[in-house]
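Written out below as structure tokens is the structure these notes cover.
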Amino acid sequence: MSEISDFAFIVEGKKIHVHKNLLIFGSDVLKNLFLGDWKDSCQKEQIVEDHSYDAFYAFLKYFYTDEVDFTPELALDVYAVAHFYLVTDLMDECEKILQSGMTVQNVAAVYEKANWLGAKDLCEFCFKFCKENMDDVVDSFESEDCKREFFLEVFRWVANRKKN
């Protein structure tokens, strides 16, 4: 595919060859990158440092296949890439995968990243999941600061819902 592509992303030292024309239709951020007036629009490659190879590859594969075929573990990272490039359809698909793969073990990590990315619906889902699985959540309560803070937020959320 490198013979017919016109751009490459370099992620974790590996090249992913792409076609600009395809990507500009799915993301205004990529459209601005490729068609903008800045020096990046003339480049043939760009190094991506903030995302893993697997997440970025899955993100780009979505443009070509319109399919999501990755695990809930990868979905959180793909969501972050889709959020950065403002690909809302893929963000929605990632949310579905995350919701279907939600566990007591991963709910705190999902919430932490969702909160950081401003994914309010996903944060709300995490709270509801914890409410519905309260016994298991309390049993899994660990001393990790991020989990402790998250579970305190869940308890506050539940308490506020009962007041209303």
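Where a number appears in this text, it was derived from the coordinates with a stated rule and is not lab data. Just so you know, these numbers come straight off a predicted model, no measurement behind them. Positions of Cβ are generated from backbone atoms using ideal geometry, with glycine treated the same way; all protein chains shown enter the neighbour counts.
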How far is it, in nm, from the label point at residue 161 to the one at residue 73 when both lie 7 Å from their Cα along the line to the Cβ?
2.9 nm
Could you check the spin-label model distance between residue 22 and residue 139? Points 7 Å from the Cα along Cα→Cβ, value in nm.
4.6 nm
Long pairs among 61/128; 44/96; 20/128; 31/96; 14/128, criterion Cα-Cα beyond 29 Å
61/128; 44/96; 20/128; 14/128
Quick one: Karplus J couplings for the range 25-35, per residue in order, coefficients 6.51, -1.76, 1.60, θ = phi - 60°, nearest Hz, x for Gly and Pro?
7, x, 8, 5, 5, 5, 4, 5, 5, 7, 10
Which option, [x] 11, 40, 43, 6; [y] 11, 40, 35, 13, 1; [z] 10, 34, 27, 17, 10, 2, 0, is the value of P(r) over Cα pairs in 10 Å bins from 0, in percent that was calculated from these coordinates?
[z]
Sequence gap at least 6, Cα distance under 8 Å: using those rules, report the relative contact order of the range 49-164 to the nearest whole percent.
19 percent
Could you work out how far apart the two model spin labels at residue 86 and residue 6 are, taking each label as a point 7 Å from the Cα in the direction of the beta carbon, and quote it in nm?
2.2 nm
